[in-house]
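Take a look at the structure set out below.
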Amino acid sequence: MLTHKLLGVIFDLDNTLVSSSLNFDNIREAVGCSKDIDLLSFVDSLPQQQRLDAQQVLVDYEINDAHSASKLAGTDELLALLSKLSIPCAIVTRNCKQAALIKLHNNNIDVPILLTREDHKAKPAPDALLHLAQYWNSPPENLLYVGDYLYDLQAAQNANTMSCLVTYAKALSYAGLADIVVDDLIELSGAIEQTYGLITD
């Protein structure tokens with residue numbers, strides 16, 4: 001259940017609004033990053049030429065993945081509901097902007113604000129979420145960040161926003177960090193509708 005009045009919703013992109021089949025083990029092997037290190041942090045730590053090469057490898061993987069991404073169930077309905085309720089929404093993703101734009105365009109997803117790793121420090125850093133709180137002139141605790149992974153919950157925690165974990169029926173060890181846990185976006189729409197009295201049990 002929402003713990004505060006909802007004044008804005010921020011979405012992760014991959015495996016939240018659209019599918020993704022990125023193989024991070026392959027990417028890590030390609031750039032020489034071990035499993036216990038954050039991939040983006042590792043790439044940023046490399047000497048300049050190695051960093052540029054690794055960034056290009058990552059972008060190539062992301063763009064290839066972008067062309068096969070498909071819209072996930074409940075996306076259109078949830079965005080329509082938020083529009084009906086006049087609740088602003090945005091996307092914050094660790095993707096590169098080029099790949100993210102391809103995914104949104106190919107799947108006809110119209111979200112007015114897209115923030116990527118080129119815009120702010122990547123999740124789990126709270127920078128992008130705090131930027132949106134300031135942009136919307138809203139206390140962070142009145143925003144909901146919706147995602148499918150630990151970094152999403154950590155970013156929400158670091159920014160002091162509410163968090164929603166979308167599990168797609170998987171048992172996730174970090175689910176306890178989320179304010180709301182749903183199987184899919186259809187269930188999240190139902191929870192918001194119930195909060196606003198649009199449906200009753």
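Every read-out reported here was derived from the displayed coordinates using simple, explicitly stated rules and does not represent laboratory data. Everything numeric in this text was worked out from a predicted model, so none of it was measured. Glycine also receives a Cβ, built like all others from the backbone with ideal geometry; neighbour counts cover every protein chain displayed.
Which whole-number percent gives the relative contact order of the chain, counting Cα pairs below 8 Å spaced six or more residues apart? Averaging sequence separation for qualifying contacts and normalising by length gives 26 percent for the chain.
For the pair K121 and Y174, the difference between a 0.36 nm per residue extended length and the Cα-Cα distance amounts to 16.9 nm. Computing FRET efficiency as 1/(1 + (r/R0)^6) for A80 and A30, where r is the C-beta to C-beta distance and R0 is 41 Å, gives about 0.55.
Taken along the Cα-to-beta-carbon direction at a fixed 7 Å, the label points for K5 and K71 span 3.2 nm. In summary, the range 1-111 shows an alpha-carbon radius of gyration equal to 1.25 times the 2.2 N^0.38 Å reference for compact globular proteins. Across all directions, the average flat footprint of the convex hull enclosing the Cα atoms of the chain is 11.1 nm². In terms of packing, defined here as the mean over residues of other Cβ atoms within 10 angstrom, the peptides 163-169, 33-39 line up highest first as 163-169, 33-39. In percent, what relative contact order does the range 96-201 have, based on Cα pairs under 8 Å that are 6 or more apart in sequence? It comes to 16 percent, rounded to a whole number.
Among the lysines of the chain, pairs at least eight places apart or on separate chains and with Cα atoms under 18 Å apart come to 6. When peptides 7-20, 127-140 are ranked by their average number of other Cβ atoms within 10 Å per residue, the highest-first order is 7-20, 127-140.
Expressed as a whole percent, how much of the Cα-Cα distance distribution for the range 24-66 exceeds 17 Å? The share of Cα pairs beyond 17 Å in the range 24-66 comes to 22 percent. Distance from the Cα centroid of the range 1-70 to that of the range 123-201 is 19 Å (rounded to whole angstrom).
Relative to the current alpha-carbon distance between N106 and Y196, full extension at 0.36 nm per residue lengthens the span by 29.2 nm. When +1 charges are put on Lys and Arg Cβ atoms and -1 charges on Asp and Glu Cβ atoms, the dipole computed for the chain relative to its Cα centre reaches about 320 debye.
Here is how the number arises for the chain: DSSP H runs of 4 or more residues each give -39500 (n - 2.57), the sum is divided by the residue count, and the result at 222 nm is -12500 deg cm²/dmol.
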